[in-house]
């Protein structure tokens, strides 16, 4: 059965009858979980199974934001804490080889945690490059403040997830690190020149353009399109994401319920698709918002379907051999001096 080009959230620890009926009828391509959906490993596993049952696809993507630090939906007592991305750049005196190995190890451990409960997509790595004076919505979530280090450690994290059978999502394409507002609450406007954006903000995304999934930034770049954020800007998606960055993977919007966007939820979805997004994302689980987004979402076909299938093909393999106990001990020992 053909999916519709949207990803949806749900309200609680288990599906309500209304949610079950809605998902069976709307047929989203995938789902996303938040802290409100996470209790115990057994509960998360049962919820993932129930979500997939509604759409009849055992491999339906189930996403989560499990970055570490302040953005970690699964945590103690059932899952360990992970550091924010910035912690890896400080490890072992800055030795680049060691930093890369440990970043990959941390992501491989997260993949083990996620896959064990049925989650197969992690919205990591954050490839944004913070600049002085920017809002701290990115802050320590970024691996570093220079694009070269962000690219190296971002790739290490992505490779760790893929090795563990979990798809990475590069975000927030083409760059959120320079914004002076939190796009959850307001629309950030970036006034840097195109040359500076290409040199700094866009560079990590160009370096990881082979990754299967990307999430857009609800950010206006005045040098490109002063009237629309990247998510709803055909110029940004065509000329920068598909053009300059050369990204041919699946592009999903950031959450359409964020206050950076304007218009009705149907209008937000339609604008995102018109600009070139393959899939739209809605996170808060509110049925009154999901219904118009589902109605505005086309069937997944042609190039978006090709990209979606290519992404899932990247994890149709057994995870690489892995000892989570030994790996956790190594990561904890490396992190101890920075704690």
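Of 335, 281, 312, which residue is surrounded by 15 or more Cβ atoms within 10 Å (Cβ to Cβ) and over 20 Å from the mean Cα position of the chain (by Cα)? Quick ask: steps written out before the conclusion?
Values: 281 fails: over 20 Å from the mean Cα position of the chain (by Cα); 312 fails: over 20 Å from the mean Cα position of the chain (by Cα).
Being surrounded by 15 or more Cβ atoms within 10 Å (Cβ to Cβ) and over 20 Å from the mean Cα position of the chain (by Cα) holds for just one of 335, 281, 312, which is 335.
Residue check: is residue 242 farther than 25 Å from residue 185 by Cβ and either in a strand (DSSP E or B) or without any contact (Cβ under 8 Å) to a residue 12 or more places away in the chain (or both)? No. Within the stretch 252-276, residues that are touching a residue at least 40 places away in the same chain (Cβ under 8 Å) and on the phi > 0 side of the Ramachandran plot sit with their Cβ atoms under 8 Å from residues that are surrounded by fewer than 23 Cβ atoms within 10 Å (Cβ to Cβ) and assigned to a helix (DSSP H, G or I), at 6+ positions apart or across chains, in these pairs: 276/234; 276/238; 276/242.
Taken over the stretch 47-71, the residue count meeting the criterion of being surrounded by 15 or more Cβ atoms within 10 Å (Cβ to Cβ) and out of contact with any helix residue (DSSP H, G or I) (no Cβ under 9 Å at 6 or more places or on another chain) is 5.
Being farther than 30 Å from residue 316 by Cα, outside any loop (DSSP other than H, G, I, E, B) and at pLDDT below 95 is the requirement here; does residue 182 meet it?
When the stated conditions are applied, residue 182 does not pass them.
For the stretch 315-327, a tally of residues being surrounded by 13 or more Cβ atoms within 10 Å (Cβ to Cβ) and farther than 15 Å from residue 161 by Cα returns 0.
Of the residues 102, 114, the single one that is more than 17 Å from the chain's Cα centre (by Cα), crowded, with 23+ Cβ neighbours inside 10 Å and not in a loop (DSSP other than H, G, I, E, B) is 102.
When the stretch 210-229 is filtered for residues that are part of a loop (DSSP other than H, G, I, E, B), free of Cβ contacts under 8 Å to residues at least 60 places away in the same chain and either more than 17 Å from the chain's Cα centre (by Cα) or closer than 12 Å to residue 158 by Cα (or both), the ones remaining, listed by number, are 210, 211, 222, 223, 224, 225, 226, 227, 228, 229. Consider residue 287 carefully, then state whether it is under 17 Å from the mean Cα position of the chain (by Cα) and surrounded by fewer than 23 Cβ atoms within 10 Å (Cβ to Cβ). Against the criterion (under 17 Å from the mean Cα position of the chain (by Cα) and surrounded by fewer than 23 Cβ atoms within 10 Å (Cβ to Cβ)), residue 287 does not qualify. Taking residue 36, is it surrounded by fewer than 23 Cβ atoms within 10 Å (Cβ to Cβ) and within 22 Å of the chain's Cα centre (by Cα)? So residue 36 fits the description; yes.
The values are calculated or read from the model by the stated rules, or taken from the named source; none is laboratory data. Bear in mind the structure is a predicted one, so any value in this text is a computation, not a measurement. Heads up, the Cβs are rebuilt from the backbone with ideal geometry, glycines too, and the neighbour counts pull from every protein chain shown.
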